Each structure stands twice: as structure tokens, then as C-alpha cells.
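Taking it in order: structure first as C-alpha cells, then the write-up.
The values are calculated or read from the model by the stated rules, or taken from the named source; none is laboratory data. All of these numbers come straight from a predicted model, not from anything done at the bench. Reconstructed Cβ throughout: ideal geometry from the backbone, glycine too, with neighbour counts over all protein chains shown. The protein model used for the area step is the full one, side chains on, heavy atoms only, and it has no ligands, DNA or RNA in it. Shrake-Rupley method; radii C 1.70, N 1.55, O 1.52, S 1.80 Å.
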Amino acid sequence: MQFFLDSTDLEEIKRLNSLGIIDGLTTNPSLIYKSKTPFKLLIKKLCDEILGPVSVETVAENSKQMIKEGIKLSKMAKNIVVKLPMTWEGLKACRELSMIDIKINITLCFSTSQALLAAKAGATYVSPFIGRLDDENIDGIELIRQIKKIYNNYSYSTKILAASIRTKNHVTQSALAGADVATIPPKVFSTLISHNQTDRGLEIFNSDWAKSGQKIL
Ligand code: G3P
């Protein structure tokens, strides 16, 4: 499974990227607004830090403008992935941009029929929002499972990018369901490693080693 961060917080991104296991980044207009940073400067900083795919979303409503925005975004850095909304206009823009080799992430996916459309339109990634489905008491992980089955049935190359991840269980369940990528907010990412038995076990090892009086170096 690939791990993307879902953030525009450069300090947090740098901290976690230093682990060497971050494969990409996703942003959206709300995260960009939260950053309070001039757009072009922010995208340059993010794309300089994260060498893998960086998703940046168009904001136009019609496909003609989305295509113009998508081409402009793709020229900002070689690792830009253009994020388009799950609308008919977004799918039309996806079709056009994917034909000129611009990578596309179709976002705001909430159903299998939408995921089918994204694959048909040539999307590189489709982003099912599992947390927002859970908010409506709909099983977001089941959606991942069904998309995976449909994509396997037809050997679609579109990658499933589990998004709107709220807990470490979302990450593990998405992996079990076969998502290709999980895009994880830094605060959730930091919880992936924590387990009280690990902490307790390390405490005991350190204490017994200290009692042994031995040294390695
Ligand atoms: O990438 C999409 C993600 O940022 C949405 O997350 O928690 O706002 O549903 P959330």
C-alpha cells in the first residue's frame, strides 16, 4: 500500500517525510485555504518536499476551464497530479487531460457507479471519501471492497486512493480491502505506530538491560 499525506502543513509534512516512507501527498481547496500561504509558493514548497505524486485540485465548474487549470497546474511541477471533481464536467476534463498524459485524481467519490465512471474516464486515481460515508453511517470500507472487485473484474488500471481517513483503523481496513493508496492526515499518521504493549515491552527491555550492566558500544 502507498502512504500519501493529506495535508498542506509543511512542518508536519517535513517531519513525517524524514521517515522515508511517504509516497505522495494530497491537497484540496480547504487544506490550501487552511495553509494561509500564497498558492503558487505553497505548491512549489510542497512539490520540492514530496518527490512522489502531489494532488492539486482545480476549482473551475466547466470542463473547458478545468482543462485550462489542469494544464497550468501540471506545469507547476513534474510530480503534480490534477484533482478533478466527480461531476460530468470533471469526467470530461479527465478524459481530455488523461489523453495528453496528465495524471488525474478524481475526488469526492462516494459510490461504486462513480468509481466506474472515473475508471472509464481514464483517471489515474479515484478518491473514495470513507470518513464522510462513515459520518452518514454508511460503511466506507465496504465501498473500497466493492470498487476493488469491480476494478479487478475489468482490469481497470485506476488506483483506489482511500481518502477522508479519520482513524488508524481506516488505514488498516483500507489495506485489507485492497486500496492501492491511503492518504492520511498527519495527526492520524502519527497514531499508526502507537501500541501500549510496545511501549511496555521496550520499558522492560531497557530496564533489564540497565540491570545487566552490559554495553554494546
Ligand atoms: O483528501 C480528502 C480529505 O482531505 C477529506 O477529508 O476529513 O475533510 O473528509 P475530510
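Structural remarks
- Flag for Ser35 being under 14 Å from the mean Cα position of the chain (by Cα), small (Gly, Ala, Ser) and open to solvent by less than 30 Å² (accessible area, probe 1.4 Å): no
- Taking residues in region 45-68 that are in a loop (DSSP other than H, G, I, E, B) and modelled with pLDDT of 95 or more, and partners anywhere that are of a type in the set (Gly, Ala, Ser) and crowded, with 16+ Cβ neighbours inside 10 Å, the pairs with Cβ atoms closer than 6 Å and at least 6 places apart or on different chains are Gly52/Gly24; Pro53/Gly24; Thr58/Gly70.
- If you filter region 106-123 down to residues that are without any contact (Cβ under 8 Å) to a residue 60 or more places away in the chain and β-branched (Val, Ile, Thr), you find that the one that is surrounded by the fewest Cβ atoms within 10 Å (Cβ to Cβ) is Thr112.
- Among the residues making up region 54-83, those that are open to solvent by 20 Å² or more (accessible area, probe 1.4 Å) and basic (Lys, Arg) are Lys64, Lys68, Lys72, Lys75, Lys78.
- Residue that is farthest from the ligand (Cβ to nearest atom) [pool: residues in region 126-142 that are within 15 Å of Ala177 (Cα to Cα) and more than 16 Å from the chain's Cα centre (by Cα)]: Glu142
- Checked against (1) out of contact with any His (no Cβ under 9 Å at 6 or more places or on another chain); (2) farther than 24 Å from Ala93 by Cβ; (3) in a helix (DSSP H, G or I); (4) not basic (Lys, Arg), Leu192 passes all but a single condition, namely (3).
- Selected residue (criterion: farthest from the ligand (Cβ to nearest atom)) from residues of region 168-211 that are exposed (fewer than 11 other Cβ atoms within 10 Å of the Cβ) and small (Gly, Ala, Ser): Ala210
- Flag if Ile160 is surrounded by 15 or more Cβ atoms within 10 Å (Cβ to Cβ), in contact (Cβ under 8 Å) with a residue 12 or more places away in the chain and either under 28 Å from Ser74 (Cα atoms) or of a type in the set (Ser, Thr, Tyr) (or both): yes
- Identification of strands (runs of 3 or more DSSP E) wholly contained in region 97-176 with 2 or more residues that are not hydrophobic (A, V, I, L, M, F, W, C) yields 104-109, 125-128.
- Residues of region 40-53 that are open to solvent by less than 80 Å² (accessible area, probe 1.4 Å) and away from the ligand (no atom under 16 Å from the Cβ): Cys47, Glu49.
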